[in-house]
Amino acid sequence: MTTESRRLPMPEGPSAEAFRAFFETVELPAALCDTQLHLQLYNNAFARFCFDHGLTVEQMMEGLAEARVPEDGAACVVEVALPQGGVVVMELARRGESVSVVGRRESELMRGQLVVVEQALLEQARTEGVLLDLGRSVAEAGSEEELVASVARGVKELFPGRTFCIRIIDARTGGLTSLYAEGRLKEGSREPLVLKRTAVEKMHLTAESIPVGKVVVAALVPLLFEGSTGGVSAPLVASGQLYGVVNLEYPSSLREEPDPLQDERVLVQLANQVAVAVKNAKLIDELTFVRKYLEELLEKANALILVANRDKKVVVFNQAISRLTGFSKEEVLGQDVFWLVPEDEHLRLASVLAAAMRGEAVPNFELRLRTRSGEARASFATSSALTSQGEVEGVMAIGQDVTVVAQLEQRVIHAEKLASMGQLAASVAHEINNPMTAVVAYSESLLQRAMMMGSAGAADSEKLRKILESGQRILRFTRDLTSYARPAKDKVERVQLNALLDKAVGYCEHVVTQSKVKVERDYGELPPLPAVPANLEQVFVNLITNACHAMKPGGQVWLRTRREGREAVVCVKDTGSGIEPTNLSRIFEPFFTTKTEGNGTGLGLSIVQRIVEKHGGKLSVDSALGQGTTFTVRLPLAD
């Protein structure tokens, strides 16, 4: 099927008479002008509009004479002053070379104003909603990073299409702690912060609260982002302290016309809210740091620190007291404080706790504590732990381990007893020495006489020889004993080390005999070395004596000397049971001993080490369980 298309004739435009007739019937007050606002035509409604406002048509046109004619296709609103006061609103619209002038009646004006107010109210409600949500999110932020991220989301929602920068600083130093930028920052725009002088004055910031060198106050704030055409900023101020600044800028690509005054007003609202949140976050961070610092201080302190609450439950148990008792913090926290002391100490502890709960301090009291391996003794001073209202909420005890001190006191007393016994032994040796000298002299004389008698005195000669040898041995022993006990003079001499070792073995002859061990010597050639002879004798007497005590009958003590470079090396080796690895690192500590009670003070090796080091040498030990122990003394040779 075919269809034919017909061209419809276009209607012709109305005639001038028809247009005028239509223009007259329109109830809207309207007039038609040229681009110079010269009146060409107006309707009756326009004349009545002018009359109703106390003006003639000519006066209305005179009032419009200074108005700016809009561009072709555009429109604008012009206010004309009335003789009786107030204004009348006229709307101008241009099409080509014609400009229409339309008068707005009060109802239309009111309706337009209501629309504007409604839009303003809606915008205000949106702004307040965003600020309310922002307040919640910054309050819930767990860190400064989360807080800045929440602020960035709020700024994006309040100011779409804008570039912005959020900078948070330390209020005291002015150092930058956080930065968030939405846009491309210019080089070197991160620091320093630039504040507008009027904003500083409005926020009542003093010169003392502005960090020098980190913050600059100027009449204008430079733009931070590339391609910005303008912007506003607001400082973050709370309690008179500066915590940062928010910069908002308008990129050239922004489609809508910005309103800097409105943006600044909203930005200041946001800044005030954020500043308080930043201040609180900083305070929380500082409090958290201080709390962790104090916890670490209590935990790592060398003093014994114990805190119990009003219910007498342990709430603080630091590492020092944990090491002393052998109980871990997890085992003790929450336990009754009486669990830590033996039952016979409960009454004393109860009286101390009662005094502390009354707010009375107990400056010094000793207490026995339970340990995993037995008991320890500690000296404590207590004070009351108070609440912010001044009420006692617990007791804090700070003390020190006096177990070692008590042991040291006992060992010092024992050492003093030994010193007294040494002095007594030296006196006894001196008293023995006088009659023994006579015994040796007479026996020697009798021996010579018996030998002159020949065979007749042979039997007596043998007996006299034994008496003489025994007497000389006693004299030699007493002489060595008094020589060893005599205080040494710190006079450095050139010493033959091998000969000094032999002398030390002589001092230990009775120990070697009593222990039923054998001394083997392996000496190398050594040049003389500078030393205080008596002090070095004490070193090797102690090492040989310890070696004898460490072995069972039949053991051997090896004495070896050799030269290594500019050092003389002496090794004292035994075939004993060796030293426990846990004790090996402590054997040079004063008063530490592995011998049974009454058989040693624990002072010997510490004194030996001090003497060797005073000679510029070194003392080391090597031991293995079941294989014996070797002490090595290294002494510098003379240059």
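The values are calculated or read from the model by the stated rules, or taken from the named source; none is laboratory data. Just so we're clear, the structure is a prediction, and the values are computed from it rather than from any experiment. Every residue, glycine as well, gets a Cβ built from its backbone with ideal geometry; the counts of neighbours run over all protein chains shown.
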Lone unmet requirement of (1) buried (at least 17 other Cβ atoms within 10 Å of the Cβ); (2) out of contact with any Asp or Glu (no Cβ under 9 Å at 6 or more places or on another chain); (3) over 23 Å from GLY183 (Cβ atoms); (4) among the hydrophobic types (A, V, I, L, M, F, W, C) for ALA281:
(2)
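Every residue, every condition in (1) small (Gly, Ala, Ser); (2) touching a Cys at 6+ places or on another chain (Cβ under 9 Å); (3) crowded, with 18+ Cβ neighbours inside 10 Å; (4) within 16 Å of ALA376 (Cα to Cα), yes or no:
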site	(1), (2), (3), (4)
LEU297	no, no, no, no
LEU306	no, no, yes, yes
VAL315	no, no, no, no
ILE321	no, no, yes, yes
GLY326	yes, no, no, yes
LYS329	no, no, no, no
ASP336	no, no, no, no
HIS346	no, no, no, yes
MET357	no, no, no, no
Looking at the stretch 511-529, which of its residues are under 58 Å from the mean Cα position of the chain (by Cα) and in a loop (DSSP other than H, G, I, E, B)?
TYR523, GLY524, LEU526, PRO527, PRO528
Odd one out for PRO553 among (1) surrounded by fewer than 18 Cβ atoms within 10 Å (Cβ to Cβ); (2) within 49 Å of the chain's Cα centre (by Cα)
(2)
Sole residue being acidic (Asp, Glu), farther than 17 Å from ASN272 by Cα and out of contact with any Asp or Glu (no Cβ under 9 Å at 6 or more places or on another chain), chosen from GLU201, GLU249:
GLU249
Looking at the stretch 314-335, I want the residues that are free of Cβ contacts under 8 Å to residues at least 12 places away in the same chain and have a partner that is aliphatic (A, V, I, L, M) with Cβ atoms under 9 Å, at least 6 apart or on another chain. Which pairs are those?
SER322/VAL332
I need the full set of residues from the stretch 449-502 which are among the charged types (D, E, K, R) and either in contact with a Ser or Thr (Cβ under 8 Å, 6 or more places away or on another chain) or at pLDDT below 65 (or both), in order please.
ARG479, ASP480, ARG486, LYS489, ASP490
ALA152 surrounded by 11 or more Cβ atoms within 10 Å (Cβ to Cβ), modelled with pLDDT of 85 or more, touching a Cys at 6+ places or on another chain (Cβ under 7 Å) and of a type in the set (Gly, Ala, Ser)
no
Quick test for you: out of VAL412, VAL440, pick the one residue that is modelled with pLDDT under 70, assigned to a helix (DSSP H, G or I) and either of a type in the set (A, V, I, L, M) or surrounded by 12 or more Cβ atoms within 10 Å (Cβ to Cβ) (or both).
VAL412
Scanning the stretch 296-313 for residues that are under 27 Å from the mean Cα position of the chain (by Cα) and either over 20 Å from SER384 (Cβ atoms) or free of Cβ contacts under 8 Å to residues at least 24 places away in the same chain (or both) gives GLU296, LEU297, LEU298, GLU299, LYS300, ALA301, ASN302
Could you count how many residues in the stretch 199-209 are touching a residue at least 12 places away in the same chain (Cβ under 8 Å) and part of a helix (DSSP H, G or I)?
3
Tally time: how many residues in the stretch 340-360 are of a type outside the set (S, T, N, Q), closer than 25 Å to LEU386 by Cβ and assigned to a helix (DSSP H, G or I)?
10
Can you name the residue in the stretch 225-282 that is in contact with a helix residue (DSSP H, G or I) (Cβ under 7 Å, 6 or more places away or on another chain) and in a loop (DSSP other than H, G, I, E, B) and is also farthest from GLU146 (Cα to Cα) among such residues?
GLY240
Closer than 21 Å to ASN272 by Cα and surrounded by 15 or more Cβ atoms within 10 Å (Cβ to Cβ), is that true of ALA181?
yes
Give LEU41, LEU37, LEU32 a once-over and let me know the one that is surrounded by 14 or more Cβ atoms within 10 Å (Cβ to Cβ), part of a loop (DSSP other than H, G, I, E, B) and not basic (Lys, Arg).
LEU37
Matching residues in the stretch 377-391 - criterion: being surrounded by 15 or more Cβ atoms within 10 Å (Cβ to Cβ) and among the β-branched types (Val, Ile, Thr):
THR382
Condition (residue is assigned by TED's automatic domain parsing to the domain that holds VAL245, within 24 Å of ALA281 (Cα to Cα) and modelled with pLDDT of 85 or more) applied to the stretch 131-138: is it met by at least one residue?
no
Starting from residues that are of a type in the set (D, E, K, R) and assigned to a loop (DSSP other than H, G, I, E, B), keep the ones in the stretch 361-391 and report whichever is modelled with the lowest pLDDT.
GLU391
Test: residue in the stretch 241-250 that is under 36 Å from the mean Cα position of the chain (by Cα), aromatic (Phe, Trp, Tyr) and within 29 Å of ARG136 (Cα to Cα)
yes
Which residues, counting only those in the stretch 611-629, are part of a helix (DSSP H, G or I) and either of a type in the set (Lys, Arg) or touching a residue at least 24 places away in the same chain (Cβ under 8 Å) (or both)?
ILE611, VAL612, LYS614
